[in-house]
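Working notes for the structure below.
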Amino acid sequence: MKTLRVRDLEMAFVEEGSGLPLLLVHGFPLDHSMWRYQIEEFAQHCRVIAPDLRGFGRTTVTPGTTTMEQMADDLNALLDALGVHEPVLFCGLSMGGYVGWQFARKYEGRLKALVACDTRVIADSAEQAASRRELAERVLREGPSPVAETMLPKLFSSDTQARRPDLVQAAREVILRTNPEGIAAALRGLAERPDMTEFVTKLEVSTLVIVGEHDAISSPAEMEGIAESMPNAAWVVAPHAGHLSPLENPDVFNEALAQYITL
Ligand code: MLT
């Protein structure tokens, strides 16, 4: 991995290949490694940039609250630091998708297109926000294992859990080595993220919406509704996958993305 000084961070990222910049933005509470099958495939055609977001992987941890907007600002600064001046393809999963909406709100001119994977536009309910804040406190006291226990069953489909225990184990290891302060700060930021339902109905940028058939966090029905509400969105379901469609069904995911890039 490479690192660059970006705002108040040492930001770690993978950068491979050349051509169209493809920014791959991971979900919570993971790191760039959830994109392993896309890095491998698309570095042959694109300049793939897969960062670890603030508080995750090898990037600096900042305590307190990490908002989705702050992460979008970090990515904008990373692109500046890398000298990327041409429009980018921003591909974000779940929390990475929430960051994508904020990036589109602030830096729309930087976008060639958006790929919204297994993500949502609605804000947390008061109950969801409260349970995230409680989980943040628990993680600070006990370390990352409560978050691994809570999240892992929701991240993967039952198919994947049965057929690919290696993927589940790799995700568990990523979560367990994540700094509790980084997890807690992101949980607080997730709890206060804004509702983007109205925003996306006016977002003109070309968008590909992809969801796993068995996504337990952002359901196919909810994501189809998002795609339908957007002026310029295409829609794909990845069979057999849960919430981590790029990792669980890379064949369908990569094919959809490859077709979209050549449009
Ligand atoms: C993620 O995968 O980033 C999380 O599921 C997001 C969330 O909990 O809302």
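The values are calculated or read from the model by the stated rules, or taken from the named source; none is laboratory data. Fair warning: this is a prediction, and the values are worked out from it, not measured in the lab. In this analysis, Cβ positions are derived from the backbone assuming ideal geometry, glycine residues included, and neighbour counts consider all displayed protein chains.
Among the residues making up the range 225-263, a single one is touching a Ser or Thr at 6+ places or on another chain (Cβ under 8 Å), part of a helix (DSSP H, G or I) and under 11 Å from GLU213 (Cα atoms): GLU248. Return the residues of the range 24-54 that are more than 16 Å from the ligand (Cβ to nearest atom) and more than 20 Å from ASP166 (Cβ to Cβ); say none if nothing qualifies. Listed by number, the residues that qualify are PHE42, ALA43, GLN44, HIS45, CYS46, ARG47, VAL48, ILE49.
I'm trying to understand the selection: among the residues of the range 165-220, which are touching a strand residue (DSSP E or B) at 6+ places or on another chain (Cβ under 7 Å) and either within 21 Å of LEU152 (Cβ to Cβ) or within 16 Å of the ligand (Cβ to nearest atom) (or both)? Quick ask: steps written out before the conclusion?
In the first step, residues of the range 165-220 are kept if they are touching a strand residue (DSSP E or B) at 6+ places or on another chain (Cβ under 7 Å); the result is 205-213, 218, 220.
The answer is VAL209, ILE210, VAL211, GLY212, GLU213, SER218, PRO220.
Being at pLDDT below 95 and aliphatic (A, V, I, L, M) is a property that ILE210 lacks. For the range 219-262, the tally of residues that are among the polar types (S, T, N, Q) and in contact with a helix residue (DSSP H, G or I) (Cβ under 8 Å, 6 or more places away or on another chain) stands at 3. Of everything listed in (1) in a helix (DSSP H, G or I); (2) more than 15 Å from the chain's Cα centre (by Cα); (3) within 22 Å of ARG105 (Cβ to Cβ), the single unmet condition for LEU190 is (2). Count of the range 130-151 residues, restricted to those that are within 11 Å of the ligand (Cβ to nearest atom), surrounded by fewer than 17 Cβ atoms within 10 Å (Cβ to Cβ) and either at pLDDT 95 or above or under 30 Å from TYR260 (Cα atoms) (or both), is 1.
Reported count of residues in the range 152-165, each being buried (at least 17 other Cβ atoms within 10 Å of the Cβ) and hydroxyl-bearing (Ser, Thr, Tyr), is 2. Within the range 235-257, residues that are under 18 Å from ARG120 (Cβ atoms) sit with their Cβ atoms under 8 Å from residues that are buried (at least 19 other Cβ atoms within 10 Å of the Cβ) and hydroxyl-bearing (Ser, Thr, Tyr), at 6+ positions apart or across chains, in these pairs: ALA238/SER245; ALA241/SER157; ALA241/THR160; GLY242/SER157; GLY242/THR160; HIS243/SER94; HIS243/SER218; LEU244/THR160.
Can you pull out every residue in the range 83-99 that is more than 16 Å from the ligand (Cβ to nearest atom) and under 25 Å from LEU244 (Cβ atoms)? Matches in the range 83-99: VAL88, LEU89. Determine if the range 214-228 includes at least one residue that is modelled with pLDDT under 95 and of a type in the set (S, T, N, Q). Checked the range 214-228: no residue is modelled with pLDDT under 95 and of a type in the set (S, T, N, Q).
A search for C-beta distances below 6 Å between a residue of the range 7-35 that is within 25 Å of VAL147 (Cα to Cα) and in contact (Cβ under 8 Å) with a residue 40 or more places away in the chain and any residue that is β-branched (Val, Ile, Thr) and within 13 Å of the ligand (Cβ to nearest atom), counting only pairs 6+ apart in sequence or on different chains, returns VAL25/VAL99; PRO29/VAL147; PRO29/ILE175; PRO29/THR178; PRO29/ILE183; LEU30/VAL174; ASP31/VAL174. Kindly provide the set of residues from the range 154-211 that are under 22 Å from ILE226 (Cβ atoms) and polar (S, T, N, Q), ordered by number. Result: SER157, THR197, THR201, SER206, THR207.
Look at ASP80 and say whether it is of a type in the set (Asp, Glu), within 14 Å of the ligand (Cβ to nearest atom) and either more than 23 Å from MET223 (Cα to Cα) or modelled with pLDDT of 95 or more (or both). Answer is no for this residue. Looking only at the range 74-112, how many residues end up being basic (Lys, Arg) and within 22 Å of GLY19 (Cα to Cα)? Final tally of qualifying residues: 2.
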